[in-house]
Amino acid sequence: MAILLEGRKVSRNFGGLAALLNVNFQVRSGEIVGLIGPNGAGKTTLFRCITGVHPPTFGRILFKGEDISKLMPHHICVMGITNTHQVVKPFPEMTVLDNVRVGAFFGKGWVRGEVKDATQEALRVLEFTGLTSKANFLARNLTLPDRKRLEVARALATRPELLLLDEVVAGLNPTEVDRMIRLIQQLRESGITIFMVEHVMRAVLSVSDRLIVLNFGEKIAEGPPDEVARNPQVIEAYLGKNYASGKSHYA
Amino acid sequence: MIVSAILLAGLYATMSYGLALIYGVMKIVNLAHAGVMMWAAYVAFILIVHLGANPFLVPILIAPVFFVFGVLLQRYVVQRVMGAPPISSLLLLFGVWLIMQNISYLVFSGDTKAVTTKYTLMTFQISGISISINRLVVFIVGVLALVVLRQFLGHTYMGKAIRATAQDKEASKLAGINTERVMETAFGIGTALASLAGSLMALIFAFDPDFGRSHLLKGFCIVVLGGLESMIGVALGALVLALAEALSVLWLMPALQDFVSFALLVIVLIVMPGGMKELVDRLIRP
Amino acid sequence: MSRSWKLWVGGPVLAFLVLIPFLELQGGYLQTLGFLTFLYITMSTAWNILGGYAGQTSFGHATFYGLGAYTTCILTLRGIPALLTIPVAGMIASLYGLLWGYPCLRLRGQYFAIATIGVGEATRLLMLNLDDLIKNNSLLKGFLQKGVLTGGATGLMLPTPPDIQAYATAFYYGVMGLMFFALFVSWRVKNGKFGLGLFAINMDMDAAETVGVNTTRYKILALMLSAFLVGISGSIYAQYVFYIDPQTVFGFPMSIAMVLMPIIGGIGTLIGPVLGAVFYIVVQDRILTANLNLGLIKLSLSSLHLLVYGGLLVLIILFEPKGLLGVHHRFNIWWNKRKRRSLAATEKA
Ligand SMILES: Nc1ncnc2c1ncn2[C@@H]1O[C@H](COP(=O)(O)OP(=O)(O)O)[C@@H](O)[C@H]1O
Ligand SMILES: [Mg+2]
């Protein structure tokens, strides 16, 4: 499989703090790659580096071989990368349909001329994500699970090739988690490459082809889920203190 | 020239620190600050000219009254929009400012007023430099107020609570600080400082109900220049602005003095939103 | 049902507005009032594109109004036909918008608002002193004509045309057309891709950026469009009154008016700015001339307008973010409920 996204020595500082340090990674087309690590490890920061919100202070990020580390987020979106936000950011006073239409109008689909009618595209995406019945609700009136879906829907409407999901499962109840996992699998079947941060082990282990583990801004492990889960360094850093509770997640 | 710039800077610092305090604790840009300065100027005018009060005691007398006004304003009006986007509180306080202006128009008419006392024209000489007594006392009162405030912030429970809230509101709340009370106090102190500055300015400048707008803008400029955390930063910012104004009078035209400070405000906001501190940081370690 | 109701009211109102110049009511007073109302609706609508749709509160729109007015006066005094100067005025205002908007729009929310106050005041002071500045500079002296470019604090005067009645009437219709043009632009923006992008920026700038909205470009375009319309308004104002000075056209009150009108009427809506402008003009017109007789006390209301605007602004921010339009909406809901309840009551009986 071709390499879709590649990071070379990606580093990011906030003031004196190194939130990311020399992180190398690759994401191949069609994969689902999981990104895990304890809180504050720099996962969200890595996503922000990729989408251009917080460009890397050092290192390069290549998308299909092209350096995107100095581009603006909207530009990167139009090239085919978009993300969902860990803390959901809907457009609160707009309807669900309009939220998604923004993605359809401004994302990659429109530019490539595939999408003639953004509203049609938005409706299609709402159908796909199961939000059709709420199309005319104001986004601020949605429940948290629906807001997470809306995040995904709005991102999908841009027709990304690579979708970065930041903790879309966190905070959902088990039924909703299952629905979201199914949605993610459907996304992969429709040809979208997925790079996802997830704390809920059940979700990330069941869908990921490969895991990358961050700790204190550095990559400490990478590989197939079961292999990574056995890696002593990972267990120490990530599951270390609460191995028991980590275990319960597996069950 | 330089001396009078420094004296003016003391006054500017008093005015700006009120703004900085309110912004620091509540993240609110207080446009009503100008209204308070204007009202304080009028109150000082009445007390001094009509009731014959001592011009240099008046500011200290009226500050507590405005403190109460600020507390009430925060408790009953501003508090209601604390959850909304910051721009609503800005517009809200803008509305308050318009109301204050209008009340002054009604009560005092739009005529320009000035306070002249026996000190107004008095000067004394030190090594060839003549210094206005008026301005010197204004400077001393302004700086004294800041020193007292600094002691308050550093050594009392409420002062520490105010600083903690400015740093991290959520954490302070978790630590058991009554942040609503803190915000009321901070707004009150900010308002009191504005009234102090306004009544001191009345001794130096002529004023009308529109008074305070240009000083408000200068205040913003100083606050951004000096950074929001420290009193020393604000003092330095005030000094920089006062000097820039003095120089603009020398090098450009006197009429463009205010132009320079407004242009400086815009440039500072855009070029160094972190203030001088950030600029220095950037220069020291590139 | 409701559509025909609107037609029944809207039709006669429009007909009345069109006929005003022929009716010569109250010695042309109504015509002047109409002219001002249309002009202010245009500006209110224009401000709303940036302030309402994109959510960027500008306290510096008087710069565009003033530049439009000055462009027209300066060019006309140099022999260029006045009508030709209108688009030029719009374009210059727009370019000035680009000049200060590009840096300032990088600031967010409150900071942008503060910066625009600074820009507005700095511009006014610059225009006030421009002639003196140029006089002291040998390179720029050529721009002065008989020693005058902007005329300093005294301002500039245009020659009055011979048939002033017909001239005023022509401008009445002209500015009415401009108002409809502005409303059309605002409507197109609101319902198109552009408006969707602006709304997204208004709601959440970072989220908008990550779903592909070029937020910088959109904000600047909104500012330039807004500035263009306000610049044209300034140009027309100058031609209508023949006399401008910096304190009037660049003054802070002008900027405030443009902030207040859309907020009072209903920010971010199409009709709100219209309501707000009408309200604004009516308040100004009625209150500035009214006296209140309370027995022995005679209170001049001449300077109560700030109180009205300020009070309304406070009330709106506290209780009804969509302004008059929101109040109207609430009233409708309340009214329908009452009707339904009384209907139910009659059915029961
Ligand atoms: N905008 C920011 N400014 C300063 N520090 C930040 C910022 N964003 C993240 N950080 C810091 O970077 C580190 C990594 O944060 P983050 O990427 O959010 O972690 P994760 O998503 O893995 O939980 C944390 O220490 C956090 O405090
Ligand atoms: Mg995170």
Label B:Ile126 and A:Ser133 with points 7 Å out from Cα along Cα→Cβ: what is the distance between them in nm?
-> 8.0
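Rounded to the nearest 500 deg cm²/dmol, what is the calculated helix-only ellipticity per residue at 222 nm for chain C, with -39500 (n - 2.57) per DSSP H run of length n ≥ 4?
Working: 14 runs with 257 residues, N = 349.
Only helices count here, giving -25000 deg cm²/dmol.
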Identify all aspartates and glutamates with a Cα-Cα distance to A:Lys9 below 12 Å; exclude those on the same chain that are fewer than 8 residues away in sequence.
-> A:Glu218
Give me the distance between the Cα centres of the range B:45-94 and the range B:180-205, rounded to whole Å.
-> 6
Over chain C, how many percent of alpha carbon pairs lie in each 20 Å bin up to the one with the longest distance?
-> 27, 54, 17, 2, 0
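For the range B:1-109, compute Rh as the Kirkwood radius over C-alpha pairs and then the Stokes-Einstein diffusion coefficient at 25 °C and 0.890 mPa s; write the answer in µm²/s, rounded to an integer.
Here the translational diffusion coefficient equals 159 µm²/s.
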Distance in nm between B:Val249 and C:Arg188 label points, each 7 Å along Cα→Cβ, equals 5.2
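Over the alpha-carbon set of the range A:86-160, divide Rg by the Kirkwood Rh and report the Rg/Rh ratio to two decimals. Present the calculation step by step, with values, prior to reporting the outcome.
Details: Rg = 11.2 Å, Rh = 11.8 Å.
Rg/Rh for the range A:86-160 comes to 0.95.
Taking Rh as the Kirkwood radius, which is the inverse of the mean 1/r over Cα pairs, what is the Rg/Rh value for the range C:189-243?
Details: Rg = 15.3 Å, Rh = 12.6 Å.
That ratio is 1.21, to two decimals.
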Computed over the Cα atoms of chain B, the Rg and Dmax in Å are 18.7, 59
log₁₀ of I(q)/I(0) at q = 0.14, 0.17, 0.19 Å⁻¹ - the range B:132-268, Debye sum with one point per alpha carbon = -0.77, -1.06, -1.24
note: the protein assembly as shown, Cα-Cα separations exceeding 37 Å make up a percent value of 55
Going by C-beta contacts inside 10 Å, put C:Phe22, B:Phe259 in order with the fewest on the left.
-> C:Phe22, B:Phe259
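Order by neighbour count: B:Ser199, A:Ser206, C:Ser255, fewest other Cβ atoms within 10 Å first, most last.
Working: B:Ser199 31, A:Ser206 14, C:Ser255 26.
So the ranking, lowest neighbour count to highest, is A:Ser206, C:Ser255, B:Ser199.
Counting partner chain Cβ atoms within 10 Å of every residue's Cβ in B:99-106, what's the average?
Working: counts 8, 3, 4, 9, 3, 2, 6, 8.
Mean shielding by partner chains, rounded to a whole number: 5.
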Show that you can apply the helix-only estimate: for chain B, add -39,500 (n - 2.57) for every DSSP H stretch of four or more residues, divide by all residues, and state [θ] at 222 nm to the nearest 500.
-> -24000 deg cm²/dmol
Straight-line reach check, A:Lys70, cutoff 20 Å on alpha carbons, 8 or more apart in-chain or any other chain, hits among aspartates and glutamates -> A:Glu6, A:Glu161, C:Asp206, C:Glu209
At 0.890 mPa s and 25 °C, Stokes diffusion of chain A via Kirkwood alpha-carbon radius, µm² per second | 133
Treating the beta-carbon of each Lys and Arg as +1 and of each Asp and Glu as -1, no other charges, what is the dipole magnitude of the range A:86-160 about its Cα centre, to the nearest 20 debye?
-> 180
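What does the structure give for C:311-322 when I average, per residue, the other chain Cβ atoms found within 10 Å of the residue Cβ? Kindly include the intermediate steps, with their values, before the conclusion.
On the way: counts 5, 2, 9, 9, 2, 4, 13, 8, 1, 0, 3, 0.
Counting Cβ atoms of other protein chains within 10 Å of each residue's Cβ and averaging gives 5.
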Measuring from centroid to centroid over Cα atoms, what is the spacing of the range C:80-95 and the range C:193-219 in Å?
-> 30
Under a plain spin-label model, where a point goes 7 Å from the Cα along Cα-to-Cβ, how far apart in nm are C:Glu347 and C:Gln165?
-> 6.1
Protection proxy ranking, peptides C:107-119, C:172-184, average beta carbon neighbours within 10 Å, highest first | C:107-119, C:172-184
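Too long at a 27 Å Cα-Cα cut-off: which of C:Lys6/C:Lys348; A:Lys108/A:Lys219; B:Lys173/C:Lys322; B:Lys27/B:Lys218; C:Lys6/C:Lys337; B:Lys169/C:Lys190?
On the way: C:Lys6/C:Lys348 32 Å; A:Lys108/A:Lys219 31 Å; B:Lys173/C:Lys322 32 Å; B:Lys27/B:Lys218 18 Å; C:Lys6/C:Lys337 21 Å; B:Lys169/C:Lys190 38 Å.
The answer is C:Lys6/C:Lys348; A:Lys108/A:Lys219; B:Lys173/C:Lys322; B:Lys169/C:Lys190.
Calculate for chain A the 222 nm mean residue ellipticity that helices alone would give, adding -39,500 (n - 2.57) per DSSP H run of length 4 or more and normalising by residue count, nearest 500 deg cm²/dmol. Mind dumping the intermediate values first?
Details: 10 runs with 95 residues, N = 251.
-11000 deg cm²/dmol, from helical runs alone.
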For peptide C:170-181, how many partner chain Cβ atoms fall within 10 Å of a residue's Cβ, on average?
-> 0
Fewest-first sequence of C:Tyr240, C:Tyr167, B:Tyr157 by Cβ atoms within 10 Å of each Cβ | B:Tyr157, C:Tyr167, C:Tyr240
When the Cα centres of the range C:42-75 and the range A:49-103 are compared, how far apart do they sit, in Å?
-> 32
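Every number in this text was worked out from the coordinates using simple rules, so none of it is lab data. Being a predicted model, the structure only gives us computed values, none of them experimental. With ideal geometry, Cβ positions are generated from the backbone for all residues, glycine too; neighbour counts draw on all protein chains shown.
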